[in-house]
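One structure is given below, encoded as structure tokens.
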Amino acid sequence: MKKQGCEIEAMGITYKISSKKREHPFKIFTKKQEINQEPKQVINLEEASPGAKHVLKDVFCRAKPWEILAIVGPSGAGKSSLLEILAGKLTPQNGTILVNQNPIDKARFKRISGYVTQKDTLFPLLTVEETLMFSARLRLRLPQAQLSSSVKSLMKELGLDHVAMTRVGDDRIRGISGGERRRVSIGVDAIHDPEVLILDEPTSGLDSTSALQIIDMLKAMAETRGRTIILSIHQPGFPDCEAVQLNTYDG
Ligand SMILES: Nc1ncnc2c1ncn2[C@@H]1O[C@H](COP(=O)(O)OP(=O)(O)O)[C@@H](O)[C@H]1O
Ligand SMILES: [Mg+2]
């Protein structure tokens, strides 16, 4: 068993996106303008607008094993962008990401990390156990008996034993509750026992009890297995609050 843990350090992260709109998204409109012979006016208006939007400016953060790092900020602050950069899904224009003091190796990092998106994307007709087994089969190369025991122990860890045989459901098909669904989503990306678990707003849209349950479960994951947990929390913001705040949860 690796007990070293995984420390992630991000330094000077600057991420810009181009806000320049495409000239004509649909060719059909171009044709009409060509007939009217006024295409140049549109180009001039677009050239006047600035071409880049700063999503993140010189951000620093450090996530340690055995701890939860919470990124707090209002909508549009850049939380998801920062998490995607930490997960190696986006590449910033500037900045360095170190994993245990070494430059990140994206391919290896994907194997040792799990990324849980804000939206639950699950098959509504599968039961909780089937959903986790599906993910286990995709991610782990183990015999069936070992896969079943990993799924069973994960369901226990996630507090999903009592709904193992219940359909996940969605808006149309009644299934498990919102909090349970969120825990299934976490399980799907934690089946391979990742050293680093990154979660985008795992508590958003949940009632306070379910949200606390999720945080307690993540806290237990960090404290008992030395996992590094990075998550974002939506903060209904102050009007003047634009910067990303980085806080550590030590409940
Ligand atoms: N690919 C993109 N295209 C357009 N705008 C984007 C893109 N990525 C991020 N943004 C913009 O960057 C800002 C931060 O986005 P995001 O990281 O999703 O914020 P948060 O998760 O804190 O709500 C938003 O204003 C968003 O519109
Ligand atoms: Mg977001």
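7 Å from Cα along Cα→Cβ at both Leu212 and Leu90: what's the point-to-point distance in nm?
Distance between label points: 3.3 nm.
Using a 10 Å cut-off on Cβ atoms, rank the peptides 142-148, 81-87, 156-162, 189-195 from the highest mean neighbour count down.
Averaged packing, sorted descending, gives the order 81-87, 189-195, 156-162, 142-148.
How large are Rg and Dmax for segment 75-192 when calculated on the C-alpha trace, in angstrom?
For segment 75-192, the Cα radius of gyration and maximum Cα-Cα distance read 16.5, 48 Å.
Rank-order 93-99, 171-177 by packing density, defined as the average count of other C-beta atoms within 10 Å over each peptide's residues, highest first.
93-99, 171-177
By how many nm would the segment from Leu98 to Ser75 lengthen if fully extended, with 0.36 nm per residue of separation less the alpha-carbon distance?
Between Leu98 and Ser75, full extension yields 5.6 nm more.
Would you mind putting 206-219, 66-79 in packing order, based on average other-beta-carbon counts within 10 Å, highest first?
66-79, 206-219
If you stretched the chain out fully between Leu142 and Ala220, how much longer would it get, using 0.36 nm times the residue separation minus the C-alpha to C-alpha distance?
Residue separation times 0.36 nm, minus the Cα-Cα distance, leaves 25.5 nm.
Under a plain spin-label model, where a point goes 7 Å from the Cα along Cα-to-Cβ, how far apart in nm are Asp161 and Ser204?
3.3 nm
A short reminder: the numbers here are calculations on the coordinates, not readings from a lab. This structure is a prediction, so every number in the text was calculated from the model and none was measured. So basically every Cβ, Gly included, is an ideal-geometry build from the backbone, and we count neighbours across all protein chains shown.
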